[in-house]
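**Student:** Can you read through this structure? Questions will come right after.
The values are calculated or read from the model by the stated rules, or taken from the named source; none is laboratory data. In this text the structure is predicted, and so the values were computed from the model without any measurement. Every residue, glycine as well, gets a Cβ built from its backbone with ideal geometry; the counts of neighbours run over all protein chains shown. To get the accessible areas, we keep the full protein, side chains included, count just its heavy atoms, and leave off ligands, DNA and RNA. Shrake-Rupley method; radii C 1.70, N 1.55, O 1.52, S 1.80 Å.
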Amino acid sequence: MNTLPEWTDLRFFLELARAGTLSGASRRLDVEHTTVARRIDRLETQLGATLFDRSREGYELTEVGLALLPHAEAMEGAALAAAEQIGGAEVAAHGVVRLGVPEVFGVKVVAPLLVGLLDQHPDLQIDLLALPRFANLANREADLGVMLDPPTTGRYVVTRLASFRFYLYASPAYLARHPTIRTQADLARHDFVDYVQDRLASRELSYLNELGFTPRRRMCCSGMTAQIEAASLGMGLMMAPPYAVPDDGRLVPVLPGFSAERSFWLAAPTDLYRLRRVKVVWDVLREYADSSPGLFVQDDMQPALAQD
């Protein structure tokens, strides 16, 4: 290798590694897919190594490509940090931050929180990915994300955002039509609303397994928003964290002594974490979670009893 690869070629390499297809990378880079292919061919020729295995399904990194990946990411992070510093971003955050969050948490908690942040940083833009799954940080779908399963491999900054509990809820109409619930054993006679079990975004969402019996799932949904609507219409009991439950009386707590505890984790690729615009979003999430424990755990709920 007589010359060093150009940064622009490495950028094409990164986007193809993340997207897995020429078309996906071309959309990320806003160029023709033939341009992506040409840049990758040039980079491989220059390095004297094959970086991707090509197949009908797409492009997959070879061992050499995997070895190159962290170095290209470090260069990307340095380029982004340099651009921010030159642009004065050490004073005020600017640019776009893509934040991946669970669907209901994003709508109920994060979206209102971002109003104040955007007021403080008028040049900051947030792309809020409120998803019925967890954002994929490995392919840079998001710059930072809230998730149940923190990354265990790769270069990430990870912190526990909050511990929270899933409690049992039901609609008053459902409780009026079904047997009284006084103990956990009584739950075996009831219907449940839950996630579609073979589409779980995380094993951590299989919290109904902690009931001690196989629940009778009358309605299963891919996301919690639909579960809340189904339970509100009287289709069964459901489990949800306090922040997700409507405050209009459509759902009331049942057997508050029973709960399933989980943790939200906040994670970002190391090279992106040090960017001012990413850090301000990170900090506001941490500060709000620390100051608002009632969003996640409520020990003073009063149960609503079903009628015989």
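**Student:** Does Thr180 count as assigned to a loop (DSSP other than H, G, I, E, B) and not assigned by the TED database to the domain that holds Gly234?
**Tutor:** no
**Student:** As an exercise: evaluate Asp247 against (1) open to solvent by 60 Å² or more (accessible area, probe 1.4 Å); (2) farther than 20 Å from Gln298 by Cα; (3) not in a strand (DSSP E or B) and give the number of the one condition it does not meet.
**Tutor:** So Asp247 meets the others, but not (2).
Yes/no per residue for (1) at pLDDT below 95; (2) in contact with a Cys (Cβ under 9 Å, 6 or more places away or on another chain); (3) more than 30 Å from Ser291 (Cβ to Cβ):
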{"position": "Val157", "(1), (2), (3)": "yes, no, no"}
{"position": "Tyr174", "(1), (2), (3)": "no, no, yes"}
{"position": "Pro179", "(1), (2), (3)": "yes, no, yes"}
{"position": "Ala185", "(1), (2), (3)": "yes, no, yes"}
{"position": "Asp191", "(1), (2), (3)": "no, no, yes"}
{"position": "Leu200", "(1), (2), (3)": "yes, no, yes"}
{"position": "Leu205", "(1), (2), (3)": "yes, no, no"}
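**Student:** Which of the residues belonging to the stretch 187-200 are open to solvent by 30 Å² or more (accessible area, probe 1.4 Å) and over 24 Å from the mean Cα position of the chain (by Cα)?
**Tutor:** Answer for the stretch 187-200, where residues must be open to solvent by 30 Å² or more (accessible area, probe 1.4 Å) and over 24 Å from the mean Cα position of the chain (by Cα): Ala188, Arg189.
**Student:** For the stretch 263-297, enumerate the residues that are part of a helix (DSSP H, G or I), crowded, with 16+ Cβ neighbours inside 10 Å and of a type in the set (Gly, Ala, Ser).
**Tutor:** Hit for the stretch 263-297 is Ala289, nothing else.
**Student:** Quick one: is Tyr169 touching a residue at least 24 places away in the same chain (Cβ under 8 Å) and in a strand (DSSP E or B)?
**Tutor:** Criteria met by Tyr169.
**Student:** Could you check the stretch 201-225 and list, in sequence order, the residues that are open to solvent by less than 50 Å² (accessible area, probe 1.4 Å) and more than 20 Å from Gly257 (Cβ to Cβ)?
**Tutor:** Ala201, Ser202, Leu205, Ser206, Cys221, Gly223, Met224
**Student:** Could you grab me the full set of residues in the stretch 47-69 that are assigned to a helix (DSSP H, G or I) and open to solvent by less than 50 Å² (accessible area, probe 1.4 Å)?
**Tutor:** Across the stretch 47-69, the qualifying residues are Gly65, Leu68, Leu69.
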